[in-house]
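Quick notes on the structure that follows.
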Amino acid sequence: MTDHDRPPRLESSMKCQSIRRGRLGLSSSARSLAIVLAVVELGACNGSSHRASPDAPPRSPDAGSGAGPGPVVPRTLSVVTHHNHRTRDGLYIAPALTRAAAAHIHPDPAFKATVRGPTYAHPLFYDAGVGGRDLVLVATEQNDVYALDAASGAEVWHKNLGAPVTQAALPCGNVDPLGVTGTPFLDEMGKRLYLDAMLTVGGAPKHRIFALSITDGSVAAGWPADGVDVDTTARSGTFAFTSVTQNQRSALLVHDGVLYVPYGGHFGDCGTYRGWLVGVPLAHPDQVKAWATRAPGAGSWATGGVASDGTSLYITTGNGFRSNGWADQEAVVRLGPGPLFSQDAADYWSPSNWKALDNDDADLGGSGPVLIDVPGATPERLAIALGKDGNAYLIDRARMGGVVAPVATLAASVDAIITAAAAFQPPGGGVNVIFHGTGMGCPAGQSGDLTALHVTAAAPPKMSVAWCARQDGTGAPIVTTTDGHAESIVWTLGAEDSGQLRAFHGETGAVIFGGAGTNTGAYSRFVSPIVGKGRIYAAATQGVYAFVP
């Protein structure tokens with residue numbers, strides 16, 4: 001089926017005031033160092049996290065993972081990729097977003113932004129630094145890309161990439177029109193935005209991959225003005241890419257100088273398509289490499305897209321067709337740079353009932369892998385996969401094992417899990433994983449379409465349902481904490497339903513904010529909000545909204 005970092009805790013408001021007043025009486029060299037330190041500390045005062053870009057050289061294989069073993073060197077406040085980290089944990093560190101503050105969240109009346117939607121990709125945030133103009137970057141199904149002033153919502157620039165594809169021009173599908181669907185990737189150092197757009201070219205649907213300058217929206221130097229033509233450049237063995245049957249729903253990622261773009265099929269599983277991962281070298285966009293599943297179907301269509309632990313790439317694949325033996329479908333697949341897949345059992349995991357999942361259209365492809373580390377657990381380095389069969393699967397990233405039993409399995413939802421999950425380490429240990437789905441085995445007195453699992457720090461780790469709550473919508477959750485662990489809050493949007501922004505206690509599911517006054521617009525399915533400098537931003541069908549405590 002298709003369809004970290006810990007900034008300094010604020011001891012008191014006096015600390016922030018002293019930073020802002022400056023550091024007097026220092027030598028010039030000491031003053032320079034103090035200014036650098038002050039910039040980092042002021043970020044905490046302003047209410048968000050400093051973190052390294054997901055494409056920065058990693059200090060460890062999990063650099064940049066909020067649910068990983070430790071923070072990286074603080075650098076920026078930018079949100080450069082789907083769910084904030086390449087591990088796809090959806091974790092933001094925002095000291096100003098305490099639970100007490102969250103109870104008073106409301107739309108910022110000073111922020112007004114109109115876009116031509118619908119919008120399925122979540123926005124990104126560019127931190128311009130001290131004295132610069134921060135940007136919110138939004139891409140829509142009309143193939144419109146916007147850079148908005150993050151303070152006011154005013155349009156800084158707007159670029160249309162070309163006519164999107166109408167539903168009538170496709171053999172099946174449920175997004176009309178079809179333009180930019182997967183969340184782009186922001187290269188903050190190179191000041192470029194990378195994205196895939198479905199265009200009508202010569203009357204035919206074509207996937208094109210673009211690199212845009214975030215300064216003015218122009219096509220980046222060295223990239224073709226009309227984008228990289230995926231049909232003519234992507235090959236995997238004897239398989240050729242065909243745009244008309246392929247959809248680009250999954251989030252993009254840059255890793256080690258290469259842009260990775262996943263593809264699946266359209267809603268309805270029409271025509272011959274495959275799961276694809278296309279790699280485009282940033283410095284040589286004419287040297288495209290690609291991997292495709294051997295089985296027809298087996299799309300990589302999850303909203304969260306491709307994940308990385310800093311060394312390898314991970315994707316999930318969906319149900320395959322016309323395949324008697326396992327051929328890359330119903331799996332969490334680990335690939336090396338390129339992308340390259342070894343087909344060794346060490347580099348993939350698939351459930352033993354993969355054939356039944358194929359037959360029942362109950363695949364793993366609806367939710368991308370979330371990479372988590374559970375300190376004290378054996379094994380510690382894990383991936384969690386969520387299936388349309390309602391199950392949660394824990395996989396050992398060091399020994400994936402092929403078609404074998406996972407580390408742990410839990411029947412977690414009474415309905416199909418199709419979402420992008422979020423994860424964080426609560427103060428008591430283990431990891432909580434939150435997803436949109438009607439929980440099974442909820443604590444007494446709890447129920448709803450938002451479910452949190454707890455992964456224990458045990459040998460082997462176990463899973464249980466920690467709490468259930470009602471978000472009333474198909475939005476994908478994110479998590480904020482004040483320091484990586486404390487004051488955890490789960491935020492959701494009531495996509496296709498209430499249209500409200502809601503907040504829940506990350507450890508208990510208790511309602512912190514029920515959404516009153518935040519029904520600002522209609523949101524597309526699986527959409528997530530983001531956090532930028534203490535504000536929450538959300539892209540609705542025809543507008544972008546900012547929320548403040």
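Coordinate-derived values only; no laboratory data. Just so it is clear, the model here is predicted, and its values are computed rather than measured. Positions of Cβ are generated from backbone atoms using ideal geometry, with glycine treated the same way; all protein chains shown enter the neighbour counts.
With each pseudo-label sitting 7 Å past Cα toward Cβ, what's the residue 235-residue 415 distance in nm, one decimal?
4.5 nm
When 491, 157, 223 are ordered from fewest to most other Cβ atoms inside 10 Å of their Cβ, what list results? Walk me through the intermediate numbers first.
Numbers: 491 31, 157 16, 223 20.
Arranged by neighbour count, lowest to highest, 491, 157, 223 become 157, 223, 491.
What number comes out for the charge environment of residue 218, summing +1 per Lys or Arg and -1 per Asp or Glu over other residues with Cβ under 12 Å away?
+2
If you take every residue apart from residue 132 with its C-beta less than 13 Å away from the C-beta of residue 132, what net charge results, scoring Lys and Arg +1 and Asp and Glu -1? Working shown, then result.
Values: positive: 133, 191, 533; negative: 127, 134, 149, 188.
Taking every other residue near residue 132 into account, the sum is -1.
Could you check how many percent of all C-alpha pairs in the chain are farther apart than 29 Å? Don't skip to the answer; put the middle values down first.
Numbers: 71559 of 150426 pairs.
Cα-Cα pairs in the chain separated by more than 29 Å: 48 percent.
Under 16 Å from a point placed 7 Å out from the Cα of residue 286 along the Cα-to-Cβ direction: which residues of segment 203-223 have their backbone N that close?
Under 16 Å, as judged by backbone N against the label point of residue 286, lie 221-223 of segment 203-223.
Ordered by residue, what ³J(HN,Hα) values in Hz, to whole numbers, does segment 289-300 give under the Karplus form 6.51 cos²θ - 1.76 cosθ + 1.60, where θ = phi - 60° and Gly and Pro are x?
10, 8, 10, 10, 5, 5, 6, x, x, 6, x, 9
Taking a threshold of 30 Å on the Cα-Cα distance, which of the pairs 159/533; 159/388; 112/206; 159/289; 159/206; 112/159 fall above it? Kindly include the intermediate steps, with their values, before the conclusion.
Numbers: 159/533 26 Å; 159/388 37 Å; 112/206 33 Å; 159/289 28 Å; 159/206 18 Å; 112/159 19 Å.
Flagged as over cut-off: 159/388; 112/206.
Going by how many other beta carbons lie within 10 Å of each one, how would you line up 447, 524, fewest first?
On the way: 447 12, 524 23.
By the 10 Å Cβ count, ascending: 447, 524.
If each DSSP helix of 4+ residues adds -39,500 (n - 2.57) and the sum is divided by the residues in the chain, what number results at 222 nm, nearest 500 deg cm²/dmol? Each step should come with its number before you reach the end.
Details: 5 runs with 43 residues, N = 549.
Theoretical 222 nm ellipticity from helices: -2000 deg cm²/dmol.
Between beta-carbons, use under 9 Å as the cut-off and find the net charge around residue 348, counting Lys and Arg +1, Asp and Glu -1.
Details: positive: 334; negative: 328, 344, 347.
So the environment of residue 348 carries a net charge of -2.
Give me 189, 440, 400 ranked fewest to most by other Cβ atoms within 10 Å of their Cβ, as a rough exposure proxy. Don't jump to the answer; show the numbers that get you there.
Values: 189 13, 440 16, 400 22.
Ranking 189, 440, 400 by Cβ neighbours within 10 Å, fewest first, gives 189, 440, 400.
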